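Asks: For reference, the structure I am asking about is given below.
Quick note: the coordinates plus some simple rules give every number you see, no bench work behind them. From a predicted model like this one, the values you see are computed outputs, not experimental measurements. Note that we place each Cβ from the backbone using ideal geometry, even for glycine, and neighbour counts take in every protein chain shown.
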Amino acid sequence: MADEKIKVEKDESTPIYKEWEAWARKGNFRVEGYQFIKAPCGPGKIEDAKVGDFMLVNRPHGALFTHSYGLVSKFFRGLIEKTLYGTRCPVCGTTYCPPRMHCWNPTCKVAETEWVELPLKGEVHTFSVMLFSADAFLEMLPFVLAYVQIEGSDTTIPMQVITAPTDIFVGQKVEIKFRDKRMGELMDMYAVPVKGQKIPENSCLNNPDYLKDMERDLQGTYAYLEKRFGMKKEDIEKRWKR
Amino acid sequence: MSRVAIVGGGIFRGDRFRYENAEEGVAIAFRDLMNDTPELDPQDIEFVMMSYFSDHLNQQLCMGWIIQDYLGLHRKPGYRVESGGSTPLDAIINAYYLIKSGYYDLVLVPGWEWMSEVDTATTNEFIASASDTDWDFTVGGYYNGYYACLETRHMQLYGETIEDLGKIAVKNHNNATHNPYSQWRSEHGTGYITLEDYYKDRIVAWPYRRMNCALISEGACCLLMASEKVAKKYSDTPMWFEGVGLGTDSMRPGDRLVDWAYHGVYPEDEKIYPDTVKKPKTPYPDMANFGSLREGAVTAYKEADIKNPVREIDLAEIFAPYDGVELTLYEDLKFCKRGEGKTMIREGIVERSGELPCQASGGLTSFAHPVGATSLMQSLFLYWQLSGRIPEKFGDSTLQIPDAEKALTTGHGGTGCQGGVIVYSR
Ligand SMILES: [Zn+2]
């Protein structure tokens with residue numbers, strides 16, 4: 001940060017600039033490889049396709065973004081300090097977690113909200129069991145992605161619930177935990193189910209056929225992880241078998 | 001004010017990989033349009049309304065300039081419309097507004113997307129940057145996951161089953177086997193699948209299997225849109241706009257539990273809420289339904305004077321990136337009441353032989369989904385449908401809905417952050 005008007009209070013950035021500079025230079029959009037191929041092409045229906053000659057090139061590109069969390073920076077600093085914050089509108093009383101600094105209730109005319117500390121407790125509003133993911137999260141598979149309503153908040157915040165994928169349900173009570181290494185992002189926290197809850201009869205996942213198919217496809221995910229990253233099923237299951 | 005019509009279209013078939021590049025694909029679609037519309041002199045085109053979603057996927061900003069240049073239309077006024085998955089529908093609606101308002105009589109709408117330059121997981125990651133990257137993306141979110149969460153909530157509230165989602169998948173994939181421009185037919189061939197095949201398909205993000213999710217595609221499509229004054233010059237069978245509507249909803253789906261902008265707007269839907277789960281402050285849309293599409297439908301139906309969509313509309317091409325979206329939109333498009341979406345598939349109403357066939361083309365999971373071209377492809381399919389030209393265009397009459405007069409299509413961006421509806425007539 002070269003801006004003379006700002007004062008850096010804590011700096012976990014400077015070594016990172018160095019580390020990633022090499023990577024940004026490597027991913028410079030230069031051509032790093034190429035292929036000549038023959039491939040179907042041309043107008044019309046599938047059956048009309050002809051074979052044409054094409055050249056493919058490989059061009060990497062990377063960048064390090066420096067992003068401000070803006071007026072809700074306090075929330076993310078809170079994660080690093082193991083405290084969960086939301087905001088509350090002084091006009092209509094809506095409590096937001098994720099926080100917004102301005103109330104979105106049209107009757108409040110974007111009133112400024114106030115910070116409130118929230119308890120480390122919540123309830124699963126909805127969920128998905130992820131057996132495939134975007135590139136950034138492949139090593140976390142399989143995981144439960146859930147939208148959790150923190151106690152006292154009117155909205156939900158997404159997080160991973162560390163549980164056996166077949167045990168999750170809508171309405172599950174959870175405790176919020178913080179990871180040991182925290183960087184000021186939502187991944188710094190996660191949820192674990194409060195002990196002693198029974199899966200309700202009417203849970204939409206509570207069906208022997210659904211659970212059987214889930215078990216089958218979990219094996220596929222484990223096999224993928226072993227092949228791609230050398231990860232072992234037993235080690236993965238340890239995440240929730242504690 | 002002038003009426004507005006679609007008077008022609010051309011397609012560059014979508015597939016997982018296409019090796020012509022985007023400008024060449026669009027040019028091929030444009031030539032297909034001109035072959036089908038012999039009266040069209042490119043010099044007659046007054047405005048170019050370009051439709052493409054992502055700048056990330058090809059590392060090219062201002063791709064629209066390349067396209068206008070490549071087609072030789074670079075002297076004409078033109079710009080790009082972008083609103084996530086709703087991009088192509090919003091481009092059509094933008095062109096509609098321009099013609100309707102009297103500014104232009106003839107507008108070309110080219111749409112395209114080239115989505116396979118990075119691997120599948122990275123494509124998913126780039127697309128996921130259309131979600132809130134501070135609040136939704138970082139925890140392992142991407143659209144399969146977000147939409148799976150939305151479908152889980154709807155399922156828990158209203159009791160549709162995996163079988164219902166499977167029936168929608170089977171319907172759409174089997175329809176696509178009769179569509180010679182479909183990616184499913186390119187990848188799989190013309191054999192039908194059954195529910196058993198669906199159950200064998202891999203779960204990606206429960207409750208969704210691969211077959212429930214939109215394809216990743218490369219492809220292009222061009223539509224020609226005209227005012228009433230010039231429409232007949234280009235087409236004997238114009239497809240007229242009867243009504244359009246747009247809507248929006250929150251960026252983050254997780255905020256829809258206090259969706260104050262929707263509070264009290266749809267009281268009948270707020271009441272249809274089970275007492276088996278905790279009721280949020282604003283029970284509609286919650287994380288279950290799509291308010292943006294409801295807004296779009298209400299506006300479009302008013303303009304088109306539609307009172308009973310199932311009876312008055314002959315077929316629908318819904319922008320459903322996931323099968324649960326299709327089921328939920330049966331409700332938000334007022335084909336049925338909230339919570340009754342499942343009966344539309346169970347009773348066969350949305351099958352191609354039913355009262356309101358949905359996704360006869362195969363839709364986003366089977367036709368193809370090159371985002372910027374998708375609604376153009378669906379509208380072109382409807383143009384062929386309403387003029388009875390499916391047998392001629394497909395060499396197979398199976399998908400032709402007999403005597404179709406009115407059709408509906410929708411757009412859908414983000415997690416329903418953006419939505420739109422168009423009602424067409426012949
Ligand atoms: Zn307020």
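Asks: Taking amide H positions as placed 1.01 Å from N in the peptide plane, with prolines and chain starts having none, which residues 5 or more places from residue B:3, or on another chain, fall under 5 Å of its amide H?
Replies: So residue B:3 has HN proximity to B:228.
Asks: From other protein chains only, count the Cβ atoms within 10 Å of every residue's Cβ in A:147-158, then give the mean.
Replies: Going residue by residue through A:147-158 and averaging, the value is 6.
Asks: How big is Rg to Rh over the range A:1-87, alpha-carbon atoms, Rh as the Kirkwood inverse-mean-distance radius?
Replies: That ratio is 1.29, to two decimals.
Asks: Through the Karplus equation 6.51 cos²θ - 1.76 cosθ + 1.60, θ set to phi - 60°, convert the phi angles of the range B:363-373 into ³J(HN,Hα) values in whole Hz; use x for Gly and Pro.
Replies: Values per residue, Gly and Pro as x: x, 5, 8, 9, 5, 3, 9, x, 2, x, 9 Hz.
Asks: Which number comes out as Rg/Rh for the range B:25-161 once both Rg and the Kirkwood Rh are worked out on C-alpha atoms?
Replies: 1.08
Asks: While we're here: Evaluate Rg over Rh across the range B:317-373, taking Cα atoms for both radii and Kirkwood's formula for Rh.
Replies: With Rh from the inverse mean 1/r over Cα pairs, Rg/Rh is 0.97.
Asks: As a test of understanding, state the convex hull volume per residue of chain B from its alpha carbons, in Å³.
Replies: Value for chain B: 129 Å³ per residue.
Asks: Next question, about the same structure. Under 17 Å Cα-Cα from residue B:342, which aspartates and glutamates qualify once same-chain neighbours fewer than 8 residues away are excluded?
Replies: Excluding near neighbours in sequence, the set is B:151, B:160, B:163, B:164, B:269, B:323, B:326, B:331, B:332, B:351, B:355.
Asks: Quote the FRET efficiency, to the nearest 0.05, computed for residue B:97 versus residue A:23 with a Förster distance R0 of 45 Å and r equal to the Cβ-Cβ distance.
Replies: E between residue B:97 and residue A:23, to the nearest 0.05, is 0.50.
Asks: Below 20 Å, Cα to Cα, which lysines can residue B:233 reach? Residues fewer than 8 away in the same chain don't count.
Replies: Straight-distance partners of residue B:233: B:100.
Asks: So, in Å, what gap is there between the alpha-carbon centers of the range B:110-136 and the range B:7-52?
Replies: Taking the Cα centre of each part, the range B:110-136 and the range B:7-52 sit 24 Å apart.
Asks: Extending each Cα 7 Å along its Cβ direction at residue A:151 and residue B:389, get the distance between those two points in nm, one decimal.
Replies: 6.4
Asks: Which loop-located GluC sites (Glu not before Pro) does the range B:353-414 contain, where loop means any DSSP state but H, G, I, E or B and the Cβ has at most 14 other Cβ atoms within 10 Å?
Replies: Loop-located and lightly packed - B:405.
Asks: Ok, one more. What does the structure give for B:247-259 when I average, per residue, the other chain Cβ atoms found within 10 Å of the residue Cβ?
Replies: Going residue by residue through B:247-259 and averaging, the value is 4.
Asks: At 20 °C and a viscosity of 1.002 mPa s, what translational diffusion coefficient does Stokes-Einstein give for chain A, taking Rh as the Kirkwood radius over Cα pairs? Give it in µm²/s as a whole number.
Replies: 97
Asks: Which of the chymotrypsin sites (Phe, Trp or Tyr not before Pro) found in the range A:22-51 are in a DSSP loop and have at most 15 neighbouring Cβ atoms, other than their own, within 10 Å?
Replies: Sparse-neighbourhood loop chymotrypsin sites (Phe, Trp or Tyr not before Pro): A:29.
Asks: What ranking, highest mean first, results for peptides A:132-140, A:227-235 when packing means the other Cβ atoms within 10 Å averaged over each residue?
Replies: The most tightly packed comes first, giving A:132-140, A:227-235.
Asks: Among the listed pairs A:5/A:82; B:167/B:200; A:7/A:74, which have their C-alpha atoms separated by more than 20 angstrom in this model?
Replies: A:5/A:82
Asks: Now a separate question. Do you know the relative contact order of the range A:121-237, to the nearest whole percent, from alpha carbon pairs under 8 angstrom that are 6+ apart?
Replies: Computed value for the range A:121-237: 23 percent relative contact order.
Asks: Another question, if that's okay. Taking only DSSP H segments of four or more residues, each worth -39500 (n - 2.57), what value at 222 nm results for chain A once the sum is divided by all its residues, to the nearest 500 deg cm²/dmol?
Replies: Dividing the helical sum by the residues of chain A leaves -6000 deg cm²/dmol.
Asks: Determine the percent antiparallel among the DSSP beta bridges restricted to the protein assembly as shown, to the nearest 5.
Replies: Here the antiparallel bridges make up roughly 85 percent for the protein assembly as shown.
Asks: If you average the C-alpha positions of the range B:254-325 and of the range B:202-225 separately, how far apart do those two centres end up, in angstrom?
Replies: 23
Asks: What is the gain in length, in nm to one decimal, between residue A:223 and residue A:199 on full extension, counting 0.36 nm per residue of separation less the C-alpha to C-alpha distance?
Replies: The span from residue A:223 to residue A:199 would gain 5.8 nm if fully extended.
Asks: Taking just the alpha carbons, could you work out the radius of gyration and Dmax for the range B:241-425, both in angstroms?
Replies: 16.3, 53
Asks: How crowded by other chains is B:10-20, given as the mean number of beta carbons from other chains within 10 Å of each beta carbon?
Replies: Counting other chains' Cβ atoms within 10 Å and averaging over B:10-20 gives 4.
Asks: Name the long-range amide H neighbours of residue B:243: under 5 Å, sequence gap of 5 or more, or other chain; modelled H, no Pro or chain starts.
Replies: HN-HN under 5 Å from residue B:243: B:423.
Asks: FRET efficiency for residue B:355 and residue A:211, Cβ-Cβ distance as r, R0 = 30 Å, nearest 0.05?
Replies: According to the calculation, E is roughly 0.25.
Asks: Something else: Run the numbers on the range A:70-117 and let me know its relative contact order in percent, using alpha-carbon pairs under 8 Å that are six or more apart.
Replies: Reported relative contact order: 36 percent.
Asks: Still on this structure, I have one more. Between residue B:408 and residues 5 or more places away or on another chain, which pairs have amide H atoms under 5 Å apart, with H built 1.01 Å from N, and which residues are they?
Replies: Under 5 Å from the amide H of residue B:408 lie the amide H atoms of B:315, B:316, B:317, B:424, each far enough along the sequence or on another chain.
Asks: Return the distance in nm (one decimal) between the two label points of a simple spin-label model at residue B:35 and residue A:50, each offset 7 Å from Cα along Cα→Cβ.
Replies: 1.1
Asks: Please work out the Cα convex hull volume for the range B:116-220 and give it in Å³ per residue.
Replies: In the range B:116-220, the Cα convex hull volume per residue is 122 Å³.
Asks: Taking 1 over the mean of 1/r across every pair of different Cα atoms in the protein assembly as shown, what Kirkwood radius in Å do you get?
Replies: 25.9
Asks: Going by how many other beta carbons lie within 10 Å of each one, how would you line up B:53, A:169, B:335, B:126, fewest first?
Replies: Least crowded to most crowded, the residues run B:126, A:169, B:335, B:53.
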